[in-house]
Amino acid sequence: MLSRTKLNLTGNSSKGLYQTVLRDSSSSSTTGDHTVEARRSLIKNGPSLHDFIEEKVPGDETLKSYQGKLIREKGDKRLRLPPWLKTEIPIGKNFAKLKEDLRSLKLHTVCEEARCPNIGECWGGGEDATATATIMLMGDTCTRGCRFCSVKTSKAPPALDPNEPVNTATAIAAWGLDYVVLTSVDRDDLLDQGSNHFAQTVKELKQRSPSLLVECLTPDFRGDKECIKIVAESGLDVFAHNIETVEDLTRLVRDPRAKYRQSLEVLRFAKEAQPNVVTKTSIMLGLGETQDQVRKTMEDLRGNNVDCLTLGQYMQPTKRHLKVQEYVTPEKFLEYEIEGKNMGFLYVASGPLVRSSYKAGEFFLKNIVEKKKKISLNE
């Protein structure tokens, strides 16, 4: 008969033990009642559904012991996901509440549309964390088709919802967030490319929650300086636009209308239009770039006065998108973080699971924004 001692089992090791116990129970000479009791105990004390879904690596496998391939070679289909990229299922009351409110107000988040692995952590906040969310304005359909992105595309997306700025501000004020990221799909079909929609949302937010820190993660607006200026002068705290990848891979990775030099100019001009605004960008790694190319991109960004940088692992969202060429190790990410700080970036977040708005409101970034505000008031 099986013991009722609770077992802490996870991943493949739990599956093996589960099968062993089943064999033991089936070969036992116990009566039918004892067999039923044994199975009930196994179900109660054995692995949970979460254990099987999470599939933790047996023995807490680390980088040094990991034997899987990290660089894709010609003929390989897909690389196995290394242990440092496996995350837990999103849980928690705050997560559930935010999701329910988003659906009721017909709002979208890039956290969901881009299948971000950190959604539970960012939405959950916690006693020592800053609760953040990334709202995607102007619908869930983009006019561009980048080869890394899973957002829907169309040449003629639905019309803008005129109530979206107010709905967004109302919901966020009720959630009690510390930091919100407003992003959007590209809207090349609109005359102002959605820049006024961005600005109106920021103004509605600041009116309801003056202390809330607002980051706008914008499209490139086709390089239109008037559109960039409208957003930069809207009252936001952080102007972000993602460079996405190194210059040599831009044509492969991004939509043909998205250009490396154009993105640099967007970031440069945002700072020129509003000198006190914090500028920020992000680079995906694992698309086939070299270390020298990454360093060159970081130098280009600093040369255009970009303040903050995030670097994270590219993850293939579906089979239709670009394959991962390399799983970059946590050690290499740390090297980039150190190099970035030495180059003069005010803030660098570099790690396998880091995303452009990953833990966007954490203490250090909030500090940067607040210091700049104090300097501005004293001038």
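The values are calculated or read from the model by the stated rules, or taken from the named source; none is laboratory data. Keep in mind that what you see is a predicted model, and the values were worked out from it rather than measured. Cβ sites come from the backbone with ideal geometry, for glycine too, and all protein chains shown count toward neighbours. Protein only, heavy atoms only, side chains kept; ligands, DNA and RNA dropped before computing areas. Shrake-Rupley method; radii C 1.70, N 1.55, O 1.52, S 1.80 Å.
Annotations for the structure displayed:
- Amide H partners (placed H, <5 Å) of Leu217, local residues excluded: Leu182, Thr183, Ala240
- For the pair Ile338 and Glu233, a Förster radius of 25 Å applied to the C-beta separation gives a FRET efficiency near 0.10, rounded to the nearest 0.05.
- When the residues Asp237, Asp189, Asp248 are ordered by accessible surface, computed with a 1.4 Å probe over the protein chains alone, the sequence from largest down reads Asp248, Asp189, Asp237.
- A simple spin-label model places pseudo-atoms 7 Å from Cα toward Cβ; at Lys225 and Ile71 they are separated by 4.4 nm.
- Taking a ≥ b ≥ c as the square roots of the eigenvalues of the Cα gyration tensor, the stretch 276-355 is prolate, since a/c reaches 1.5 or more and a/b is larger than b/c.
- Protein heavy-atom surface of the stretch 189-285, 1.4 angstrom probe: 49% of the accessible area is carbon and sulfur, with nucleic acids and ligands not counted.
- Among the listed pairs Lys225/Lys372; Lys152/Lys271; Lys259/Lys372; Lys77/Lys319; Lys206/Lys341, those whose Cα-Cα separation exceeds 20 Å are Lys225/Lys372; Lys152/Lys271; Lys259/Lys372; Lys206/Lys341.
- The phi-based Karplus calculation (6.51 cos²θ - 1.76 cosθ + 1.60; θ = phi - 60°) puts the 3J(HN,Hα) values of the stretch 153-162 at 10, 6, 6, 9, x, x, 4, 5, 8, x Hz, whole numbers, x for Gly and Pro.
- Annotation: amide H of Val354 within the under-5 Å range of Gln313, sequence separation 5 or more or interchain, hydrogens built in the peptide plane.
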